[in-house]
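Taking it in order: structure first as structure tokens, then the write-up.
None of the figures in this text is laboratory data; all of them are computed from the coordinates on show. These figures come from a predicted structure and were not determined experimentally. Please note: Cβ atoms are built from the backbone with ideal geometry, for glycine as well, and neighbour counts cover all protein chains shown.
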Amino acid sequence: MAHDMQHDDEGSEALGLRKIIHVDMDAFFASVEQRDNPELLGKPVAVGGAGGRGVVAAASYEARKFGVRSAMPSITAKRLCPDLIFVRHRFDAYKEASRTIRKIFEHHTPHVEPLSLDEAYLDVTQDRLGIGSATRIAELIRQEIRAKTKLTASAGVSYNKFLAKLASDQNKPDGVCIIRPGEGADFVAELPVRRFHGIGPKGAEKMARLGIETGADLAARRIDFLRENFGKQADYLYRAARGIDLRPVRAHRVRKSVGGERTFSEDISAGSALRETLANIIDIVWNSIEKSGAKGRTVTLKMKYNDFQTITRSRSIDDVISGKGQFAAIASGLLEETLPLPMPIRLMGLTLSNLEGAKGAEPPRDEAQLSLL
């Protein structure tokens, strides 16, 4: 599938389509650990804490075969894979590798939109070296990454961001997939909807109840049906099911916040259960913060009661939050201020905002607000 695309690329330019590459490093954190400690090569490795409240930040492919995944509680991961080797994260090493990879991208195009330390979109419609073929550029980038970092990357090549991201996941690890102009709708038709970016387990469950399991099922639904059932996500779903995505690669995109939330299978209200849940969310969100390289000054705690009212509490400090300990202390303080809760909650989330470099980011005063969602 990875034959020379020079001719195909010229055709795509004639159609006014972009040439987009999505590069995604393979099991990035775990691969850096295996590279730097050869004793870990070929073994199931998880980056994260092995303790009772630890969370897996990344898993090697050997560990993934057992079902180990990022954001999974470490105790669950160890149960799935008794031989799992836990290593503490070394974000300086990951950032160093990421900087090298970014320079390789920028050697080929100024249009680079990083999504995290280990993945990015590149627009190579006009590439710096005049190579012309997006497929050739993707192969050169993968070769340069391997030569300079001893790590492997997978790449997706297509005419828009949505398809390029799908493609990079298709032949992992260490693979390339090309979706040419005219092939997008057919490629998407065969995919389970769970593969669509932005559709989580809950969304996929809802779609299954409505008889939508593949891209083809989704494409068969009228836009008014999608709007009725999926609200503001409907237009995205309608276009995605047809392989259409008009979003440009944004080289200077400013991220406003980093966060995460968890919906519980059973409502919780006891202080001890709430504190334990918060500790797990702190682990997961701090991993995301480190991965994104974000630095911020405002922590927001969000809780949704079982009557669907949402409460948020925020606290800002004068300087950026210095580490996980300070982030956890602020988050815990926000929780303690709300106890005892007037009723059980069904969801809890944490966000770091007021990020460095974000425009118009005035530190809000300590606040508690109640809104109906």
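General remarks:
- Averaging the Cα positions of each part gives two centres, and for the stretch 250-280 and the stretch 100-116 these lie 30 Å apart.
- Helix-only CD estimate at 222 nm, as mean residue ellipticity for the chain, using -39500 (n - 2.57) per DSSP H run (n ≥ 4): -11500 deg cm²/dmol
- Toward the positive end of the charge dipole of the stretch 157-297, with +1 on the Cβ of Lys and Arg and -1 on the Cβ of Asp and Glu, the farthest Cα among VAL188, TYR238, THR263 is that of TYR238.
- Ascending count of other beta-carbon atoms within 10 Å, so fewest first, for SER257, SER74: SER257, SER74
- Using a cutoff of 8 angstrom between alpha carbon atoms and counting only pairs six or more residues apart, the relative contact order for the chain works out to 15 percent.
- 17 Å Cα-Cα reach of LYS291 towards lysines, excluding residues that sit fewer than 8 places from it in its own chain: LYS95, LYS256, LYS324
- Principal semi-axes of the equivalent ellipsoid, √(5λ) from the alpha carbon gyration tensor of the stretch 186-240, are 15, 13, 10 Å from largest down.
- Each of LYS43, LYS103 was scored by other Cβ atoms within 10 Å of its Cβ. Listed from fewest to most, they are LYS103, LYS43.
- On the beta carbon distance between MET343 and THR76, with R0 = 41 Å, the FRET formula returns roughly 0.90.
- Note that the stretch 28-90 carries a Kirkwood radius of 11.0 Å, evaluated over its alpha carbons pair by pair.
- Pairwise centroid distance, computed over Cα atoms, of the stretch 132-168 with the stretch 311-334, Å: 38 Å
- Charged side chains reduced to their Cβ positions (Lys and Arg at +1, Asp and Glu at -1) give the chain a dipole of some 380 debye around its Cα centre.
- Excluding same-chain neighbours fewer than eight residues apart, the lysines reachable from LYS202 by a Cα-Cα span under 23 Å are LYS165, LYS232, LYS302, LYS304.
- Taking all pairs of distinct alpha-carbon atoms in the stretch 93-232, Kirkwood radius in angstrom: 16.7 Å
- Sorted ascending by nearby beta carbons within 10 Å, beginning with the fewest, VAL68, VAL87 become VAL87, VAL68.
- When only alpha carbons are used to place a centre, the stretch 191-248 and the stretch 41-97 end up 32 Å from one another.
- The chain: angle of helix 134-149 to the longest principal axis, Cα-based, in degrees nearest 10: 60 degrees
- Our coupling estimate for the stretch 188-198, obtained by passing each phi through the Karplus curve with A = 6.51, B = -1.76, C = 1.60 and θ = phi - 60°, is 5, 4, 8, 7, x, 4, 4, 6, 5, 4, x Hz, Gly and Pro reported as x.
- When restricted to Cα atoms, the chain yields an Rg and a Dmax of 21.9, 66 Å, respectively.
- Computed lengthening from ARG262 to LYS43, 0.36 nm per intervening residue step minus Cα-Cα distance: 75.8 nm
- For the chain, the longest principal axis of the C-alpha atoms and the axis of helix 91-108 are separated by about 30°.
- Looking at the chain alone, DSSP beta bridges between its own residues are antiparallel in about 90 percent of cases.
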